[in-house]
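The values are calculated or read from the model by the stated rules, or taken from the named source; none is laboratory data. All figures in this text were calculated on a predicted structure; none of them were measured in a lab. Cβ: placed from backbone, ideal geometry, glycine included. Neighbour counts: every protein chain shown.
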DNA sequence: CGATAAATTGAGCCCAATCAAGGCAAGTGG
DNA sequence: CCACTTGCCTTGATTGGGCTCAATTTATCG
């Protein structure tokens, strides 16, 4: 985790918005959109932009967190582990999601970069003070929590009741809709997760994931250029294989 | 779903708190705790107390919701269904939880009374107006959402990675800690869910649930008075069977 | 190119699902 | 009061989907 930019965060006199925020890809999508220019300046003064390599752990299960962050680029996986090493990914976060569990110091899960990512990190104290001053900020965080809750519950149905085939199809559908939101009937994308990660997300083994991908390919539901690149000729057909309506 | 009390909700001149709220078991635990007396009066003016019989559906998947509610007594199960009928319970709510998904009109899940329950229901419009006036209310709803998110993610680990034995033990542990919070090392309680519901919550079949309960009984982890009443002589041992630390 | 990790494929097994039968308690009607 | 039904739970026998273990193949990278 190396610091990429250390340029001054001071406000610019001829603009209300801090320079670092002006060029930020998460300027409107993250939590920043609700802040006034002066609040944004205050936040940006304490923020640091970081690049994190794929596979490196950002927060460990049970650790005390000192930061919140916006994801500027890439995919983060949130996972939980049993004492004997069995692991379950409980959520994926895509740019420009907000990362961090408000109002709790100790993290109940671990956060790891699935791909290379860029984040904009803020000290928890600054965020928590801003929350009390800007009701719009808490509202935004609330909505993000509700979105994650909806996603978690959707995934519980997948984990508890779907077959391996449906699970893999559901995962591909999830990625398709998140990576390539303006898809037509056909779409194409790179998987942000390894087979091992996909297995941990679906509650399966690597081998089963691999076999089901092969099966979907043989059934003509997907085409596989290499192990990461996937082409979906007909999203509706993929949805049917995923058990979605 | 019959209306139990229709008494006047008007404020009493010699008290700041509405009468119906004074005697309410959820007065402090639900969302009401953060409101000022006048806001509480406003809310209570539009609230209706209802009793709902076990098994009756309160909100259907895909329906438009018109109400929020506090659970005064009993257990509510939140579930999702696939088109072919496979079902997964994605959450349980106990008194004095708040029920309802803020900021969304269409429900993504169905809510059904697991036991007999009492609720205090409010029109969504009243709640949503109060949210804009009382930042403390949004904060309380936010915390409830975060709590539910934590619980959902815990359960994802159970659904995805635990064995049938561990799942059933995890369920018993969950109920033990929610029904009888001030337990010592031993505890005893009635299961609020039928075998079919437990199966839907654990992503198992009723037969497997039944077999695992029998197995836990034969292993001396629990004693079973009748199919509903369970005695746990040693919570720590149950936790170990549940794969918790 | 060789080295190492990631992914695929195969063979056999095991845990939980399925299919089927029976028990138990509460309710119903003759 | 007893036969019958109904709902819920348990138990047994069998099947099968996904796991385990092992061998190859394919990608990645110095």
- Message: Would you confirm, using the coordinates I've provided, whether residue B:189 is at negative phi and in contact with a strand residue (DSSP E or B) (Cβ under 9 Å, 6 or more places away or on another chain)?
- Response: yes
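Identify the residue in the range A:231-245 that is more than 22 Å from residue B:82 (Cα to Cα) and in contact with a strand residue (DSSP E or B) (Cβ under 6 Å, 6 or more places away or on another chain) and, among all such residues, is nearest to DNA strand D (Cβ to nearest atom).
This residue is A:231.
Quick one: would you say residue B:172 is buried (at least 22 other Cβ atoms within 10 Å of the Cβ), at the interface with chain A (Cβ under 10 Å from one of its Cβ atoms) and touching a strand residue (DSSP E or B) at 6+ places or on another chain (Cβ under 7 Å)?
No.
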- With B:152, B:199, B:169 as the choices, which residue is closer than 27 Å to residue A:99 by Cβ and outside the structural domain of residue B:49 (by TED's automatic domain parsing)? B:152
- Task: Go through A:103, A:94 for me and flag whichever is under 21 Å from residue B:139 (Cβ atoms) and in contact with a helix residue (DSSP H, G or I) (Cβ under 7 Å, 6 or more places away or on another chain).
- Result: A:103
- Taking the range A:62-75 and keeping residues away from chain B (no Cβ under 14 Å) and either buried (at least 22 other Cβ atoms within 10 Å of the Cβ) or part of a strand (DSSP E or B) (or both) leaves A:64, A:67, A:69, A:70, A:71, A:72, A:73, A:75
- Item | Residue count for the range B:94-110, restricted to those that are under 15 Å from residue B:50 (Cα atoms) and crowded, with 21+ Cβ neighbours inside 10 Å | 2
- Sole residue being at pLDDT 90 or above and surrounded by 17 or more Cβ atoms within 10 Å (Cβ to Cβ), chosen from B:85, B:116, B:91: B:91
- What residue, among those in the range B:200-211 that are touching a helix residue (DSSP H, G or I) at 6+ places or on another chain (Cβ under 7 Å) and more than 6 Å from DNA strand D (Cβ to nearest atom), is nearest to residue B:79 (Cα to Cα)? B:201
- Item | Leading residue by the ranking (farthest from DNA strand D (Cβ to nearest atom)) among those in the range B:212-229 that are in contact (Cβ under 8 Å) with a residue 24 or more places away in the chain and either closer than 18 Å to residue B:164 by Cα or out of contact with any strand residue (DSSP E or B) (no Cβ under 8 Å at 6 or more places or on another chain) (or both) | B:221
- Tell me, yes or no, whether the range A:39-57 has at least one residue that is assigned to a loop (DSSP other than H, G, I, E, B) and free of Cβ contacts under 8 Å to residues at least 40 places away in the same chain. no
- Task: Output yes when any residue across the range B:8-17 is in contact with a helix residue (DSSP H, G or I) (Cβ under 6 Å, 6 or more places away or on another chain), within 26 Å of residue A:150 (Cβ to Cβ), modelled with pLDDT under 95 and in the same structural domain as residue B:104 (by TED's automatic domain parsing), and no when none is.
- Result: no
- Could you pull out every one of the helices (runs of 4 or more DSSP H) wholly within the range B:140-241 that has 1 or more residues that are away from DNA strand C (no atom under 15 Å from the Cβ), at pLDDT below 95 and under 19 Å from the mean Cα position of the chain (by Cα)? B:164-179
- Return the residue satisfying two criteria in turn: it lies in the range B:149-163 and is touching a residue at least 12 places away in the same chain (Cβ under 8 Å) and more than 16 Å from residue B:204 (Cβ to Cβ), and of such residues it is surrounded by the fewest Cβ atoms within 10 Å (Cβ to Cβ). B:151
- Message: Are there strands (runs of 3 or more DSSP E) fully within the range B:79-134 with at least 2 residues that are closer than 22 Å to residue B:149 by Cα and more than 14 Å from chain A (Cβ to nearest Cβ)? List them.
- Response: B:110-113
